[in-house]
Amino acid sequence: MPKGLIPENVLEDILSKTDIVEIVSGYIPVKKAGRNLKALCPFHHEKTPSFMVSGERQIYHCFGCGAGGNVFNFLMQYERMDFPEAVEFLARKAGVALPERQPQDTKTANLITQLFSLNEQAASFYQDALNSTGGLSAKLYLAKRGLKEETIKTFKLGAAPDRWDALVNTLRNKGTGISVIEKSGLVCPRESGGFYDRFRNRLIFPIFDIKSRVMGFGARVLDNTLPKYINSPESPVYSKGKNLYGLNFSKDAIREQDCAVIVEGYLDFIIPFQEGFRNIAASLGTALTSDQARLLKRYTRNVIMLYDADKAGEIATLRSLDIFIEEDMDVRVVSLSEGLDPDLFVRKYGINNLRLKINQAQDLFDYKLAVLKSRYNPEETNGKVMICSQMLETISKFKNAVSRSEYVRKLSEALSVKEEALLSELKKTKTDKVYMPVQETGLKKQADINPTEGLLIKLMLEESDVIQKIKDHLEPADFQDERACRIVSLMFDLVSQGKSVEPNLLASRIGEEDAMKVICESAFMPEILPEQKEKVVADCIQRLKNEKFRLRRQRLHDEIKSAQYSGDTEKLNRLLEEFHLLIKKR
C-alpha cells in the first residue's frame, strides 16, 4: 500500500496509539536523560550516546549521524521496512484497521501470501525427506562437509526424494491448486500433460528473504553429474538478482561490524557462519547486481569480496567492484589460493586463518591491477594500453574527484605512464554520472540548520500561538534554508486548517527525509525558559528580517554594478530607485 494511499487520519490514529519509547526500547537499551531518553545510536558506531528519544514529542534524533524521525521512520531504518510495512506492523500492534486494498492489490497480495506459504510447506517436506531413510545419502554428504545438526536445522536444509512426483502429489493432496504450485516454480509442466517435481535427488537449500520467509530454493546434486546446482526460477516472491543468501541471518552482525564479507555459494556462507563468522552473505552464485549492492548498503557501506581464485571468480569479482563503486561503497578483495573456496579453506585451515586473510584484504585498485597484469604484458605497449583502459573504467566510476585523482596517480606510477595522458584518456571514458559537478543543493541538504531558523521551528513546534505570531510577521520565503521554508509553509497550512502541528505528525506529512531531520534536530534544541520565549521569538523574527534586508540589498548592489558595467542606463535608473526605496523603508 503506497504511502499516498493511506489516509492521514489513519496515520494519526496509529501514531496516537503508539509509544515510540516502547518501540525503541524493545530494540536498544535506553537511559533516562532529563525529559528524554538517551542511547548509543543503532545506526552508526559511537562510544558516547548521542541518540535521543522524546516520549513527549514522539520523535528521535541522533546528533552524531543525523538520523531522525517518528516511530515509522525508526522501524524503516532499523528493520529496513518500507513505509507500508511499517504502517501495517504498527497498525496491527495498535489495533487500527487499515483501508481495504484495491481488488488488483488484493489479488496480488493473496498470491504472494499463497506462494510464501507454499514454499514453507515445501521446505518442511524437504526437511522431513532429509530425516527419512531416503535422505540418508544427503545426510552423509552434509556430515562429510562438516555441517552440524544445529546448522542443518537453522538453515532448514532438506533433501528432494529421487521421484518425479513426490512433492507435487503431497501439495495437491493438501488441496493446493496446481496453478499456484506452477507459479511457485516448484514443478515443471510435462510435454505430454501434467507436472513433475523440479528438484529430484538433490540436497535442498531454502533461500530466505530479509524477513526470513522462504522465497525459493537452491538444489545440489549428491554426485558428479551436471548441472551441479539448479535454482528456483523467478517468481512473484523470488528474484535472484535482488536478494543475498543468508542476509536475514547476518544483517545484525553486518550492521554492528559495519562490514559485509561477500562469498559466492551456499556452503561458502554456511560453513564460516557455523564457525562464528557472522558478517557474511552470499551472492547466490551469480555476479553481483546493483539491486544486491543497494540491499547491502542498507546495513553497511564497507564490503570485502571473498570469491574463488579461479578465472570465473576473478571475473565475477571484477564485475562486482564497479557496481559497488557506483553505489559509493568501499570495497576490498581477498584472494584465496586457487582451488580453495571459503568453505574448503575454513575446513582445512580453520576460521581464525580466514579472519586473518580477511584482515589482509587488498584495496580494489591493487587487486584489479594485479589481475590485469596477469592477463596482459605491462612491458608491451598494447598490454599497457589494455590495462590502462580497464583500470580507467573503474577509476571513472568514483564519484569523489580526489579519489579519482589519487588512483590516476597510482596507476601512473605503477605503469610508468604520464598522469596527463591518463587524465586525457579518463575524460574520454563514458562517465556522465561521474563528471557532473557536485550540485550545490546536494551540499545544502547536508548542512546544519541555521540556529535562528532552527530555534523558531522548535518554538513553533511547542506552541501554536508562536506559529500564528510568526505568520503575522514572516513569510516562509523569509527562511533562507529550503528545508526550513518547506517546514514553515506546511506548519502555516496546517494551522490555517485547524490541524495539529505535533513533531511526530509533521514528520509523517513533510515527506522529504532531509526536512524531517531538521524537524527532529530543531525539536531537540536546548529548552527556552517560559519567561524568555516571547523575547526570543521577537529577536529571531528581527534577525530573519535583517538577513532578508541584507541579502536584498546585496542583490541590488550587485545588479547595479552589472548595469553600470554594461552601460544599461534604463535598468540602472530602475535599480537605483528600487535601492533608495529599500533604504527608505528600512
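Nothing in this text is a laboratory measurement; each read-out follows from the coordinates by a stated rule. Computed from a predicted structure; not experimentally measured. Cβ coordinates were reconstructed from backbone atoms using ideal geometry, including for glycine residues, and neighbour counts include every protein chain displayed.
What to note about this one:
- The label-point distance for Glu534 and Glu46, in a model that sets each label 7 Å from Cα toward Cβ, rounds to 3.7 nm.
- Shape of the stretch 1-119, Cα gyration tensor, a/c cut at 1.5: prolate
- Counting charges near Glu420 (Lys, Arg +1; Asp, Glu -1) among other residues having Cβ under 15 Å from its Cβ returns a value of +2.
- For the stretch 459-481 versus the stretch 123-194, the spacing of their alpha-carbon centroids is 64 Å.
- For the chain, the Kirkwood estimate of the hydrodynamic radius, built from every pair of different alpha carbons, is 28.6 Å.
- Near Glu150: Cβ cut-off under 13 Å, other residues only, Lys/Arg at +1 and Asp/Glu at -1. The net charge is +1.
- Filter on Lys156/Lys297; Lys107/Lys183; Lys32/Lys93; Lys368/Lys399; Lys384/Lys418; Lys153/Lys251 - keep pairs with C-alpha separation over 21 Å: Lys156/Lys297; Lys32/Lys93
- Taking Cα atoms only, the orientation of helix 513-523 departs from the longest principal axis of the chain by about 60 degrees.
- Taking a ≥ b ≥ c as the square roots of the Cα gyration tensor eigenvalues, the stretch 242-370 comes out rounded, since a/c falls below 1.5.
- When the Cα gyration tensor is reduced to axis lengths a ≥ b ≥ c, the ratio a/c is 1.5 or higher for the stretch 78-150, and with a/b above b/c it is classed as prolate.
- Using a Förster distance of 25 Å, the FRET efficiency for Ser389-Asp330 (Cβ separation, nearest 0.05): 0.55
- Surrounding net charge for Val187, when Lys and Arg each add one and Asp and Glu each subtract one, Cβ distance under 13 Å: +3
- Highest mean packing comes first when the peptides 199-206, 298-305, 526-533, 368-375 are listed by Cβ atoms within 10 Å, giving 199-206, 298-305, 368-375, 526-533.
- Summed over qualifying helices (DSSP H, 4 residues or more, each -39500 (n - 2.57)) and divided by its residue number, the chain shows a 222 nm mean residue ellipticity of -17000 deg cm²/dmol.
- Taking the longest Cα principal axis of the chain as reference, the axis of helix 401-415 is set at about 50 degrees.
- Cross-link partners of Lys428 among aspartates and glutamates, defined as those whose alpha carbon lies under 15 angstrom from its own and excluding same-chain residues fewer than eight positions apart: Glu393, Glu419, Glu420.
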